[in-house]
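See structure below.
Derivation of every value follows stated rules applied to the coordinates shown; laboratory data play no part. For clarity, every value in this text was computed on a predicted model and none was experimentally measured. Every residue, glycine as well, gets a Cβ built from its backbone with ideal geometry; the counts of neighbours run over all protein chains shown.
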């Protein structure tokens, strides 16, 4: 009588390996060839899977790229996603804003993020998924840091937190998107200082 010494392949593990390979391939390729030349066929070839495997999980290359960003976000999550809260609001916001600038100007992320932004403008379903799964949760983290400042008496209780988030992060996002000026740590500091000057004032 013969016995098998090995275990049968785990389909779940195999699927997860393929998924991560596809998402990594999409992120790498869009940085190399640009979004216009990115194709499902190219992603499949880089990932070592059949293109039907990709179509079974994603409806478009934009959806693949979005999930690639979600995978990166998962990889950077250390289990405590909250913004820093040292009690010094301006210092904490400067730290976060400088990190935002560093990510937006990182050559590894610039082209993929621009590609995803373009796709969001043309795909309402993808834009809704982006709002629900990535942008919405990130905005809530920002609002929660501002709520903490309200509880500490550093911001007015009546402050519109959604508007405050736009005032703080909007200028950095727009300068990056439109390439309208240099995106530097000094600019990030100036945005925080100027925005807080308005947000902290009382009528």
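Relative to the first principal axis of the alpha-carbon coordinates of the chain, what is the inclination of helix 136-151, with its axis defined by its Cα atoms, in degrees from 0 to 90 and to the nearest 10?
Computed tilt is about 30 degrees.
For the stretch 90-203, how big is Rg over Rh, using alpha carbon atoms and the Kirkwood form of Rh?
Value, to two decimals: 0.99.
Equivalent ellipsoid semi-axes for the chain, as square roots of 5 times the alpha carbon gyration tensor eigenvalues: give them largest first, rounded to whole Å.
39, 21, 14
Could you list 97, 167 so that the one with the fewest beta carbons within 10 Å of its beta carbon is first and the one with the most is last?
Lowest count first: 167, 97.
Fewest to most neighbouring Cβ within 10 Å: what's the order for 138, 113?
Least crowded to most crowded, the residues run 138, 113.
Based on the alpha-carbon gyration tensor of the stretch 94-142, what equivalent-ellipsoid semi-axes (square roots of 5 times the eigenvalues) come out, in whole Å, largest first?
Taking √(5λ) for each eigenvalue gives 21, 16, 6 Å, largest first.
Any chance you could give the angle, 0 to 90 degrees and rounded to 10, that helix 11-33 forms with the longest Cα principal axis of the chain?
Result, in degrees: 60.
So for the pair residue 108, residue 180, with labels modelled 7 Å out along Cα→Cβ, what separation do we get in nm?
3.0
For the chain, take the longest principal axis of its alpha carbons; what is the angle in degrees between that and the long axis of helix 185-199, to the nearest 10 within 0 to 90?
50
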